[in-house]
Amino acid sequence: MLPPLEEASVIEIRRTLRQAIGSVWGSANVPEAADKFRPHVSAGYFEEDGAAAPYVTAVESVTPEPARVTVQEASLIALNRDHRMYEWSTRAVAPLSRS
């Protein structure tokens, strides 16, 4: 997992989206606890057990520069792991702006 440099911005966007979902479904029906969220970018997922050392060595061998990403929309998705991998379908898309 790679953390964002501006964690507060990501948390604020998520908080706003949770409020929007709660206004439609009711606040008690918003999935996933608000305090369990850890902003990150997933670098990969592993299905099998194995040694972490080669991956740790590979990551530690580089000094990446920060990347700037502009997120223009948020997608409400239905997420599952029915076939031993993450799969999702988009249910709605909300444009994001600072206005």
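Observations on the model:
- A simple spin-label model places pseudo-atoms 7 Å from Cα toward Cβ; at GLU32 and ALA74 they are separated by 1.1 nm.
- Exposed loop positions in the chain were taken to be trypsin sites (Lys or Arg not before Pro) whose DSSP state is not H, G, I, E or B and which have at most 14 other beta-carbon atoms within 10 angstrom. Between these positions, the longest stretch is 1-67.
- GluC sites (Glu not before Pro), loop per DSSP, at most 13 other Cβ atoms within 10 Å - longest free stretch of the chain: 49-99
- Look at the alpha carbon pairs under 8 Å that are at least 6 residues apart: their mean separation over the length of the chain gives a relative contact order of 21 percent.
- Qualifying chymotrypsin sites (Phe, Trp or Tyr not before Pro) in the stretch 18-99, where qualification requires a DSSP coil assignment and no more than 16 other C-beta atoms within 10 Å, comprise PHE37, TYR45, PHE46, TYR86.
- The candidate values are [x] 3, 12, 17, 16, 12, 10, 8, 6, 5, 4, 3, 2, 1, 1, 0; [y] 2, 11, 21, 21, 15, 10, 7, 6, 4, 3, 1; [z] 2, 8, 15, 20, 19, 15, 11, 6, 3, 0; the one derived from this structure for P(r) over Cα pairs in 5 Å bins from 0, in percent carries the label [z].
- For the pair VAL56 and ARG84, label points projected 7 Å from Cα toward Cβ lie 2.7 nm apart.
- Label-point gap, in nm, between GLU12 and LEU96 - each point 7 angstrom along Cα→Cβ: 1.2
- Degrees between helix 7-25 axis and first principal axis of the chain (Cα, 0 to 90, nearest 10): 40
- For ALA74, residues with placed amide H under 5 Å, excluding near neighbours: ALA94, LEU96
- Each of ALA74, ALA58, PRO39 was placed along the dipole of the stretch 7-95 (beta-carbon charges, centred on the mean Cα), and the one lying farthest toward the positive end is ALA74.
Each reported figure results from applying straightforward, stated rules to the coordinates on display, with no laboratory input. Bear in mind that the values here come from a model prediction, so they are computed numbers and not experimental data. Reconstructed Cβ throughout: ideal geometry from the backbone, glycine too, with neighbour counts over all protein chains shown.
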